[in-house]
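As structure tokens, the structure follows; a few thoughts come after it.
Where a number appears in this text, it was derived from the coordinates with a stated rule and is not lab data. Note that the structure is a prediction, hence the values are computed from the model and not measured. In this analysis, Cβ positions are derived from the backbone assuming ideal geometry, glycine residues included, and neighbour counts consider all displayed protein chains.
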Amino acid sequence: MKIECDIKPNRLFAPQLVGLVSSIDKKGKPNVATLAWITSVSAEPPLISIALGRSRYTHECISRSKEFVLNLPTMDILKEVQLAGSISGRDGDKFEKCDLTPMGSIALKTPCVKECTAHIECKVVDTKEAGDHTLFIGKVVATTCELEAVKNGVLDISRIKPVLHLGGTFFTTADEVVDSRGV
Ligand SMILES: Cc1cc2nc3c(=O)[nH]c(=O)nc-3n(C[C@H](O)[C@H](O)[C@H](O)COP(=O)(O)O)c2cc1C
């Protein structure tokens with residue numbers, strides 16, 4: 001039996017992959033924020049969309065710099081991921097407060113987050129207002145990841161435990177790879 005339910009609709013298409021998005025402010029100082037509303041929107045050219053609430057300091061930073069890095073955290077830094085999503089870079093150095101390390105990127109002024117497994121560097125090519133968020137569409141200009149993170153062309157989740165958001169303070173991860181050719 002199905003019932004009409006009052007759960008927030010976005011919580012029904014969960015879990016959602018969590019990213020740590022790094023950016024720089026007008027003085028070039030780095031900031032980092034946790035985002036779950038992130039997705040690929042084009043393969044060629046490779047485009048990534050991130051949805052940012054207008055009150056976020058990250059919104060202000062990326063609107064000005066027109067670039068961001070989408071970093072892939074793993075479950076071992078869940079505490080840092082939660083903290084980066086709970087405080088604002090407006091109130092101080094969030095890299096320092098979260099015990100995260102800015103690391104030079106390849107193609108941007110914006111640094112990567114060293115503690116993450118993969119880094120997708122993006123230049124903003126478009127924005128779209130969507131309700132209380134703004135979609136920033138970024139063209140991927142460089143991608144780096146740890147050598148052991150990938151197997152058979154996909155994330156090796158026997159080694160890499162991605163952070164998946166269920167909603168609120170609830171998270172999960174993935175630990176099984178299923179090849180649909182075998183079912
Ligand atoms: C798991 C998780 C997912 C989040 N996803 C988003 C998101 O997709 N978009 C958004 O604007 N804020 C999201 N947030 C909230 C921001 O991370 C939070 O407001 C943060 O303090 C913004 O930091 P800033 O002001 O330094 O940019 C999320 C928070 C958490 C904990």
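Need the C-alpha centroid separation for the stretch 44-84 versus the stretch 95-150, integer Å. So the two Cα centres are separated by 6 Å. Calculated mean residue ellipticity, 222 nm, the chain: -2500 deg cm²/dmol, from DSSP H runs (n ≥ 4) at -39500 (n - 2.57) each, averaged per residue and rounded to 500. The slack between VAL183 and PHE170, meaning 0.36 nm per residue of separation minus the straight C-alpha distance, is 1.6 nm.
Listed by Cβ neighbour count within 10 Å, with the fewest neighbours leading, GLU115, GLU80 appear as GLU115, GLU80. For the listed residue pairs LYS94/LYS128; LYS29/LYS94; LYS66/LYS128; LYS29/LYS139, the alpha carbons are over 20 angstrom apart in LYS94/LYS128; LYS29/LYS139. With the simple model of a label 7 Å out from the Cα in the direction of the Cβ, LYS114 to ASP93 spans 1.3 nm.
Rg and Dmax over the alpha-carbon atoms of the stretch 16-173 stand at 14.4, 43 Å.
Were the residues from HIS133 through LEU78 laid out at 0.36 nm apart, the gain over their Cα-Cα distance would be 17.4 nm. By the count of neighbouring beta-carbon atoms within 10 Å, fewest first, ILE3, ILE77 end up ordered ILE3, ILE77.
Spin-label model, THR39/SER55: points 7 Å from Cα along the beta carbon direction are separated by 2.5 nm.
Taking label points 7 Å from Cα along the Cα-to-Cβ direction, VAL124 and LYS151 give a separation of 3.9 nm.
With neighbours defined as other Cβ atoms within 10 Å of a residue's Cβ, the residues ARG56, ARG64 order from fewest to most as ARG64, ARG56.
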